[in-house]
Structure formats: structure tokens, C-alpha cells
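Scroll down for the structure; my scribbles are underneath it.
The values are calculated or read from the model by the stated rules, or taken from the named source; none is laboratory data. Since the structure is predicted, the reported quantities are computational estimates derived from the model, not experimental observations. Cβ sites come from the backbone with ideal geometry, for glycine too, and all protein chains shown count toward neighbours.
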Amino acid sequence: MLDWWLPENVSTYGKDIDWLFQLIYYITGATLVLVSVALVAFLWIYRDRPGRRARYTHGSTPLEIAWTVVPALILVLLTALSVPAWSRIKMTQPDTDFVVEVTAKQFNWQITYPGPDGRFGTADDKTLLDEMHVPVNKVVRVVLKSQDVIHSFFVPQFRMKQDVVPGREIAQWFEATKPGKYELPCAELCGFGHSGMKGWVYVHTPADYAKWAAETLTAATPPAGDAPRDEPRREEKAKR
Amino acid sequence: MSVISASAHAHVEHHELGFLRTYVFSTDHKMIGRQFLFLGLMMMILGGALALVIRWQLAWPETPVPGLGLILRETGGILEPSTYNMAFTMHATIMIFFVVMPILAGGFGNFLIPLMIGARDMAFPVLNMLSFWAAFVAGILMLAGFFVPGGHAAAGWTSYAPLASVVEYTGVNWGQNLWLISLFVLGISSMMGSINYITTVINMRAPGMSMFRMPLVIWSLFITAILLLLALPVLTSAAAMMLFDRVLGTSWFRPSGGGEPLLWQHLFWYFGHPEVYILILPAMGIASEILPVFARKPIFGYHAMAFSMIAIAFLSWVVYGHHMFVSGMNPALGMAFTVSTMIIAVPSAIKTFNWLGTLWGGRIRLTVPMLNALAFVSMFVIGGLSGIFMASTPVDIYIQDTYYIVAHIHYVVFGGSIFGAFAAIYYWFPKMFGRMTNRALGHLHFWPTFVFFNMTFFPMHILGIGGHMRRIYNPLQYEFLQPLQWWNVLITIGAIGLGLAQLPFVINFFWSLFAGPRAPLNPWNATTLEWTAPSPPPHLNWGGALPTVYRGPYEYSVPEWAEDFLPQTVPAARAGARRH
């Protein structure tokens, strides 16, 4: 029912977030309707009319206990439901052999693959600008670093967001469930070029990914600054 | 008491003060309150204009903003990204520090505390004057930032390090420095004011005015003052640290020098979350004051109302981390802050239901102050409920830094604090200036403001749910946001309407100030002490003896009493044997 406003979800944990979102939406929505109807009804029923005197009362202990305890219980429930999802998304790192380093700078995402030797910091590392390629249905670990200010790695369709803090390496993960091309904006104000700092995440089928990796990652490293660029990047350049 | 009456006597001796001592360097709490009110209202014009500039850019990106060509000559009125960043940074800075705080805490805090507890003035009148003039200097410093090379601060009102702490990252040099110096001076102003408020409430209540006979607006201002005293110094220190990073080469927040960018966020939000309650608590108090008067009923659950404000104040220290769920702070800590944030929703719920309880069975008159107070209640409900989404850490991952947050803060600070401020201005205007405001103009102000407010800020929830980031210059740069652009256009039309809707208020305010009908002593038939003083009250508030208090502040429609209000000052014998 809410599909029309939350963007399509294409990550494994995204559905947990959407479920919680919808649960809170219905609880708060019902509360809002109840309170608003009561407010408007009271304004009408108890409007000033000649000869009527207001009810003289200082409160009602049972009522006040009720409207303290009921919201408290609902909020305890929401906390209890939030904790497992949070723990799964942010506090645990599933095992994976697919690791990508993301280095943010004003105003680009630099995406580094370890190359055929599987290790970072070696000569065969491969760095792409503003594009990340990953296989579908595979846990991807991204290690987030910044060269200058705080940025924020945000992929709306993955329901994934993490600030990138200079001086730290922050490991995060996601597992995409549908091939496609997803926008990767920076979500934390990072300077005059903040707006428009964005990249793309390409989620490939395993076969497509293998093909892309063979062409781009395992091929002999071309001279720096001469990295092959594909279509979306050029499109975007033209638009800016 | 003898000390006070002695000093009051000493004051009476040299009663005739010159123009400067009466209107400029006044030590009279009422004049200082009016000065804060005018400071806030003047700054609101600038803050509102900046908001409209921001909205124009978001609806029709990179087109000339009407009228701005006069200021931005090189671009012909088109906003550049750096100017845009400056506009939203200064909009928030001005609205929070120089509009809502001066009007509610500064203006009404000063005006109401002595009058409603039955004191002749604040405990420290000279300190009170210094507090206003420090705030005034802070305002001048903040405005000066617009005129320095490199432009004003452009790193957001939160000024996260290292974006704000290193000149090269924004290109803003003295703009950001002045921003920090101004907040430092404002911090000193706030400290002087809050010490004064706390001392006055504790020591200078009239005979019979026990703590639990105080009107709830005084409770709210008292608690606000405690928050100000304990929260603002943290920002003041953090501002000094960042200024040292920028001009003296320290590295509190710079990782390359061994500093920690997240330290700024911890300090900022340790101040920043209590700050939200500093902005909203006085408005809660104002609503608790106005609803009983126009429902002709005692407030529902007085003690619960007071204790829930105390609870909010205590809890506000332990929820600040919910601003930092995705900041890189240890996620285990995030879990703790989820728990405290969910808990702080409970006292807010109690207050809302008690306001509804106050209306239940009342005799409700929809006057202009009442309408604004009701708007406060209903808009605060939306702002409170949308906060629950953010309290849930997993949901916050998605909506953090989106327009959902922008919608939330505006429902709390505009829907809450500003409607509270309007309610207070309409309600206490007769006492403050001795004249009544115009009722028709009041309605002409309220209804369009209410409608356009919702047209402006409600769709921001929808944008946020669509993933629309805040603080972006041009939404059309993002493919996933292009289908949502028509919401931005709708919001901007709403914002322009909201701006125009303030014209009747300005006309009403100034017309009533000079030509409104003379206000009687107690135009609303209210029970609290300020309505026993003349309108406007003279220097030292009450001519003869100070009032004596015999009962709580909300004795409306008492069955044994012929009139439907029983003032706090009517002796118990006259009011019959009934005690409360």
C-alpha cells in the first residue's frame, strides 16, 4: 500500500526497515486521527453556549495512568522490535569475500577493488570514480573512508546510509536482491559541491559481473587517468 | 521579603528615569522583555526572507530569485551553490538563536516571570539588562557575517567539523568565525538570563505562591532556564574550541592533528537536544496557560503537567545521541539512545492527553490566542509522532538527513514554538502594551498561516520518504528525485503564501500598538497574578502591596463561586471553605 512513496527496496535488510516503517506509520497515523478527531469534536461539542458552565475538575488519576501506561507499552514494543533489525544491520558483519573500499572526497566517491590478488594496497588495485559494480545476492562489505570532510554513503533503494568520517574506517554491508542501476548520493552536507556529489551502484547478475570484472578488474591496469568510462558517467557529465 | 520591599522602596525614591534608562538601557524586566520580543520579530523578517530564497531555488532551480538581483548582481539573482548553503545555514541559525529563543525565553520569560509570581522585578535587574545587550551584540556580530569577504557561514546550523573547522573546505573565513564568536557571546547572554530566572523563581515568589501554585508557563520557563544554564555553556565551549581550530591552529576536531570530528557532534548535540526543549517547553507552558482560560476549566492534571516537563528536561540530556545514529558512533550506543528516545515520548503524550482533557467538558471560546494555542497542540502532535520514526534506529538509517527530518523540525519549531509565540503575543499583548489587538486581523493572520503552514511542511514528509536529501542545492541533479519535483513546487507556493500571511500580523501588531483600544485590567477574565496589575504594569508592577496568593492558578468555573473564574488573589474566606 505504501509502495508508491518509499522507493523500491532491493536489499535483504531493507524489508525489515520498511516493515518497521509501516508499523510505526499505522500506529502514529491511528494516533493522529484519534487525537485530531477528539480535538475537533471537543471544540464543537463544548463550544461556548449561553447558560452552560464548564465542568469543574482537576483531572482523573485512572485516566492519566491509562494514557501514561498505554503509550509507554507501545513505545517499549517499538523499541523491542527495532533492536534486532539494528543489531543485524549495523552491529554484525556477515562473512564475505567481497570487499570494496570507498574513499569519499569533495565531491566524488572513489571505489577501490583489490584486484586479482584480493588484497588492498597493492599495485593491482583498481579505482573507479563514482561507480561501483557488485553481483546480485552477494554480501558486499564496503569500507568507508574520507579524505577531507564528513560525507554520507546513501543508497535509497538499499535503505543504506552511513556517514563517512575522516580519520576512521567504517565497515558496512549490504546484499542487493535485484540487478539494476541505483543512485548513490552523498547525504551529509560536504561543501559547495555537495549537491550533485553522487555515483551509481550497478548490481549485475553473476554472469554479467564476472564479465565486467574480467574486462575491468583483471585486465592489465591502464595508465592512471585513462580509466575506461561507460555511458552513465558521460551522460551525467553532460548534464552538470 | 523585607529585603525586597526595602530595595523596592529605594527604587521608588528615584522613579523618574530618562529616555535612555527607560527605553534603551532599562533594568525593568518588562522593558527588557519587550526588547527581546522586538529583537526576535525583526530577525524573523530576515529568517523568513532567507527561507523564501531557499524555497525558490528548490522549486525552480537556478532561475533568478525575484528581487535578489539587487543583492547578487554578478549572477543576476541566481543563487549559486555556496550562496544557497549560506542561505539555509543562516535561516536556521537566525530562526533558532535569534527568533525563537529571544521571543519565548527572552521576551516572555522576562515579561512573565516577575508578573506571574508576584515580584517587583527580577532578582538581578542589571544582569538582566546586560543579558539583553549581550544578545544584541551577538545579533550584530551575526549580521556582520553577511558582509565579510567569503560570505557567511555555510556549513549548516550544526556546523559539523571538519567542514566548518577548516577554512579550505568551504572557502568561508570570517563568516564562520563571526558565527562562532556570535554564538559565544549569545551563550554568555543566555547564562546571565538563566541564572536570573532561576534565582527569581526560587527566591522572589509572592506570599502564598508555593511552587505548586505557580502557573505552568512559569514552570516551563523555570525548567527552560535550568536547561539553558546547563546546555548552552557546552555549545559556548565547543564554539570556542572550533574558533581555536580555525584561527590558532589547534586540532580539537581535525583528524590529521590527532583530533576527532565526532567530538564536535557529541558536544553540539549534547547542547542541541536540550535546545529543542528550550524552544518547545515555553510554548507548552503558554498552551497550558491559554487553554484553561478559554475553556473556562482548570488545567487537567496540573501535577502531571509539571512533572512531565521535569521529566522531559532530565531525559533531554540522555537522548542527544539519536542525532548521531549513522554518524559512525558505536552502534551499541545507538541502541541505548533508542531506549531513552522512546521514553521521552511518554511525557509528551501525557501532556497532549492532558490538553485534550482540559478541553473536555469546557466552555470553549475560539479567540485568536486560543486558536493559536490549539494550533500549537495539534501541530505539536504531528511533530511528536513523526519523531517516533527517527527514534527507531533502523528506520532512522533511511530517513536521517532527508526532508523527513526537515518536516519534523518545522512541525516542532514552527508548528510548536512559533504558534506558541503567536498565541502568547495575542494573549499578553493587552498586558504588555496596554492595548487590545484587532480580532478580525487576528483571524486573517491565523487561518491562512495555519493552512499555508501545513501546505508547506506536510509534503516534506512525503519528500523525505521518497529519499529526498536535505541541504541539496538542486534536486533535479538526481534521477530518483525528478518525479518528486512537483512536491517542491507545491511546497514553495505554500511557503510564499505563509510569508504573505504574516502581513496581517505586522499590520495588527503596529496598528494595535499605537491605536488599539485601551486594554482593561483583565480582558480575558483570567485568574493569574499578572492580570491584577495595571495594563501595562508600571515600574515595579504593583503600586501598593504585593499580591498575596491563596490558591492554584486555574480555578475556573468553581461551583460555589458566582463568576466563572476565581483569581489567585481572592482571600480564602471570601471564596468559601473550598480548598485546593
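Of note:
- Filtered residue count, the range B:517-572, keeping only those that are surrounded by 20 or more Cβ atoms within 10 Å (Cβ to Cβ), in contact with a strand residue (DSSP E or B) (Cβ under 6 Å, 6 or more places away or on another chain) and assigned to a loop (DSSP other than H, G, I, E, B): 2
- Filter pass, A:G51 being without any contact (Cβ under 8 Å) to a residue 40 or more places away in the chain, facing another protein chain (nearest Cβ under 7 Å) and at positive phi: no
- The residues of the range A:61-101 that are in contact with a Ser or Thr (Cβ under 7 Å, 6 or more places away or on another chain), touching a residue at least 12 places away in the same chain (Cβ under 8 Å) and facing chain B (nearest Cβ under 9 Å), listed by number, are A:L78, A:S82.
- Single condition A:S36 does not satisfy, out of (1) at the interface with chain B (Cβ under 7 Å from one of its Cβ atoms); (2) surrounded by fewer than 17 Cβ atoms within 10 Å (Cβ to Cβ); (3) within 12 Å of B:G362 (Cβ to Cβ): (3)
- Entry remark, the range A:87-122: residues being of a type in the set (D, E, K, R) and part of a helix (DSSP H, G or I) number 2 in total.
- Near pairs, Cβ below 7 angstrom, 6+ apart or cross-chain, from the range B:316-327 (touching a residue at least 12 places away in the same chain (Cβ under 8 Å)) to any residue that is acidic (D, E): B:F325/B:D396; B:V326/A:D163; B:S327/A:D163
- Among the residues listed as B:F97, B:F25, B:F36, the single one being on the phi < 0 side of the Ramachandran plot, of a type in the set (F, W, Y), in contact with a helix residue (DSSP H, G or I) (Cβ under 9 Å, 6 or more places away or on another chain) and modelled with pLDDT under 95: B:F25
- Meets criteria (in a helix (DSSP H, G or I), at the interface with another protein chain (Cβ under 9 Å from one of its Cβ atoms) and either polar (S, T, N, Q) or without any contact (Cβ under 8 Å) to a residue 40 or more places away in the chain (or both)) for B:A332: yes
- Within the range A:123-209, strands (runs of 3 or more DSSP E) holding 1 or more residues that are under 16 Å from A:T103 (Cα atoms), more than 14 Å from chain B (Cβ to nearest Cβ) and modelled with pLDDT under 95: A:126-129
- Candidate set: the range B:39-78, residues that are within 21 Å of B:V172 (Cα to Cα) and over 29 Å from the mean Cα position of the chain (by Cα); chosen: the one surrounded by the most Cβ atoms within 10 Å (Cβ to Cβ): B:G77
- Residues of the range B:433-465 that are small (G, A, S) and either more than 17 Å from B:Y398 (Cα to Cα) or modelled with pLDDT under 95 (or both): B:G434, B:A440, B:G442.
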